[in-house]
Amino acid sequence: MTIFNARSAVLAMALAGLAPWLAGCSEPKQAVASIAAEEPEVSVVSVKPHARSLIRELPGRIAPTRVADVRPRVSGIVVERLFSQGSEVKAGTPLYRIDPKPFEVELQASDAALAKATAAYDVTFQQARRISTLAGQKAVSEAENEKAIGAMRQAEAEIAGRKADVARARLNLDYATIRAPISGIVGAALVSEGALVVQNDSTNLATIQQLDPVYADFTQSVSEMNSLRRAFDKGDLDRIAGAAKVRLVLDDGTLYPIAGKLLFSESKVDTFTGHVTLRGEFSNPKNELLPGMYVRVQIEQGIDTDAIAVPQQAVQRNGGGGAEVFVVKADGHVATQVVRMGAVQDGQWFVTEGLKGGERVVVEGFQKFAPGDKVKPLPWSEAETAINTAAGDQPTIAKP
């Protein structure tokens with residue numbers, strides 16, 4: 001009896017020692033089951049096709065609409081400069097004054113010559129009238145009458161010549177004041193008082209540039225233009241109704257607030273660059289756009305009626321360098337889907353192939369799953385808002 005009780009006590013103690021170990025063996029199984037039951041949460045965006053404007057962003061530079069070099073039209077000594085360098089001037093504003101005294105003397109001489117010619121005409125006129133009367137009375141020959149009439153007509157021609165001399169002298173006197181040929185911003189003064197300027201000299205006195213409006217000259221590769229033309233022919237893109245709109249992005253990344261209009265596209269290709277030059281016109285009331293300034297020009301070139309866009313971070317690159325996205329299927333499992341990308345704008349990619357409306361694309365949480373895993377998709381409201389805003393207001397920009 002004593003031996004049985006001792007064995008029972010030893011067995012009870014052994015079972016008591018094994019109990020924690022058995023309990024520990026069951027806990028990992030429960031943990032694994034619990035972990036398997038928890039599906040990782042990922043942020044997804046549901047893609048929807050929208051009509052979007054296709055806009056190319058191209059490099060360009062600002063150019064003035066008109067440039068005029070100020071040159072003298074008469075020769076003389078500059079006695080006065082009448083403008084402030086870098087100021088805005090109107091057409092006809094006096095800029096320089098050449099010594100007017102030689103031209104005043106020339107005008108006085110021309111006036112005197114005109115007076116002399118007028119007096120000579122009066123004499124010949126009276127003479128012709130008297131001889132005409134005598135010729136009517138047969139007191140003088142017809143030849144004398146014709147001679148008197150010819151002398152009167154010569155006197156008339158002399159008056160006309162002297163009047164032309166007076167007009168020329170008065171014009172030269174007016175040209176002694178050099179005026180602005182156009183309205184705009186006048187640059188540095190290239191001559192000073194006391195300088196001798198020569199008529200029709202190639203050296204200019206100043207330069208005036210009209211800066212409101214201004215031109216934006218930009219280029220586009222002929223291959224892009226051909227691709228765009230083929231997209232129109234296939235029906236992938238719709239043409240813009242009316243004149244094409246252009247916008248400017250300044251060198252600091254800000255968007256110029258005033259939209260412009262496309263003026264023309266050259267019909268020839270630059271043999272060195274393979275690009276075609278285009279020109280837009282922009283209003284510049286505050287003179288913010290200066291000649292030579294580097295800008296990027298956004299030109300609206302077509303409309304994609306069923307474009308699909310996804311956030312830029314949703315696009316991954318595979319080992320071959322191709323683009324792919326992770327799509328959450330209807331059963332909650334993640335699948336890899338190869339896509340073909342188009343243009344990018346404001347952190348969103350155009351998807352030209354590989355996606356269709358209604359598919360759920362993973363945007364965040366890539367580290368939580370592997371392809372084929374089942375996940376818990378949650379809507380990415382920020383991405384949804386950005387895409388809807390872009391679909392309604394923001395253009396899609398294709399960068400070269």
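The values are calculated or read from the model by the stated rules, or taken from the named source; none is laboratory data. Keep in mind that what you see is a predicted model, and the values were worked out from it rather than measured. We place every Cβ from the backbone using ideal geometry, glycine too, and count neighbours over all the protein chains shown.
Some observations on this one:
- From the options 268, 245, 234, residue that is closer than 11 Å to residue 297 by Cα, out of contact with any helix residue (DSSP H, G or I) (no Cβ under 7 Å at 6 or more places or on another chain) and at pLDDT below 80: 245
- Residue count for the stretch 50-68, restricted to those that are buried (at least 20 other Cβ atoms within 10 Å of the Cβ) and over 30 Å from residue 273 (Cα atoms): 1.
- Selection within the stretch 339-358 - of a type in the set (S, T, N, Q) and either outside the structural domain of residue 318 (by TED's automatic domain parsing) or at pLDDT 70 or above (or both): 348, 352
- All of 45, 74, 32, 78 fail the test of being under 30 Å from residue 335 (Cα atoms), over 25 Å from the mean Cα position of the chain (by Cα) and at pLDDT 65 or above, apart from 45.
One line per residue, one yes/no per condition, for (1) surrounded by 14 or more Cβ atoms within 10 Å (Cβ to Cβ); (2) not assigned by TED's automatic domain parsing to the domain that holds residue 159:
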{"position": "48", "(1), (2)": "yes, yes"}
{"position": "70", "(1), (2)": "yes, yes"}
{"position": "80", "(1), (2)": "no, yes"}
{"position": "83", "(1), (2)": "yes, yes"}
{"position": "110", "(1), (2)": "yes, no"}
{"position": "115", "(1), (2)": "no, no"}
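- Residues in the stretch 243-299 that are more than 14 Å from residue 216 (Cβ to Cβ) and among the charged types (D, E, K, R): 5 in all.
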